[in-house]
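The structure appears below as structure tokens.
The values are calculated or read from the model by the stated rules, or taken from the named source; none is laboratory data. Owing to the predicted nature of the structure, the values given are computational and were not obtained by experimental measurement. Cβ: placed from backbone, ideal geometry, glycine included. Neighbour counts: every protein chain shown.
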Amino acid sequence: MKKWIKVLLTLLCLALIAGGIGLYIAFRGTKSAKDAKPVAEFTSETLSKTITADPKGFMDKYTLPKDDLKKIIGIKGKISTISTTDPKNNFIEINNEIMNITFSWDESRTDELKGLKAGSEVNVKGIIFSINGFDKSTSDDPMDLDSQKEAKLNKCCLNN
């Protein structure tokens, strides 16, 4: 009888631990780049040259597991496109001769976009999660190597 009680208590403890972990994951909230300091800062041109020189090395150095804010990068450049029509899909783009850089804005920071317009100089920080058009090891679609080179960042905000 004592053996069954020990087994049941052990199972109950494991269930409570698993439940606690599940609740933590469900309610921990979305992280943002707002209060984090960038680990590196680039102009749009230096970012393009750095990625072009070694795309795999860049991704290894500046990307990481989902939602980790330790590798936020800052980028300065001139806005070519801004979209604020869909509250869940606000973004700005910076284009240069080499590539297009897309910044998906953090939903909690969309008020920052109100004063921005195409042609404005901005300093943005965010988490780089994708580069395309450089080589097969870093591209979302390995067949698109002849397409426009691009970098995508998410959870972005102004870098003041």
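List the pairs whose first member sits in region 1-18 and is free of Cβ contacts under 8 Å to residues at least 24 places away in the same chain and of a type outside the set (V, I, T), whose second member is in a helix (DSSP H, G or I) and surrounded by 10 or more Cβ atoms within 10 Å (Cβ to Cβ), and whose Cβ atoms are under 7 Å apart, counting only residues at least 6 apart or on separate chains?
Hits for this filter: zero, empty list.
Do the conditions hold for D60, that is, is it assigned to a loop (DSSP other than H, G, I, E, B) and modelled with pLDDT under 90?
In short, no.
State all residues of region 121-160 that are at pLDDT 75 or above, surrounded by 12 or more Cβ atoms within 10 Å (Cβ to Cβ) and more than 15 Å from L47 (Cβ to Cβ); if no residue qualifies, say none.
Residues satisfying the conditions are N154, K155, C157, L158.
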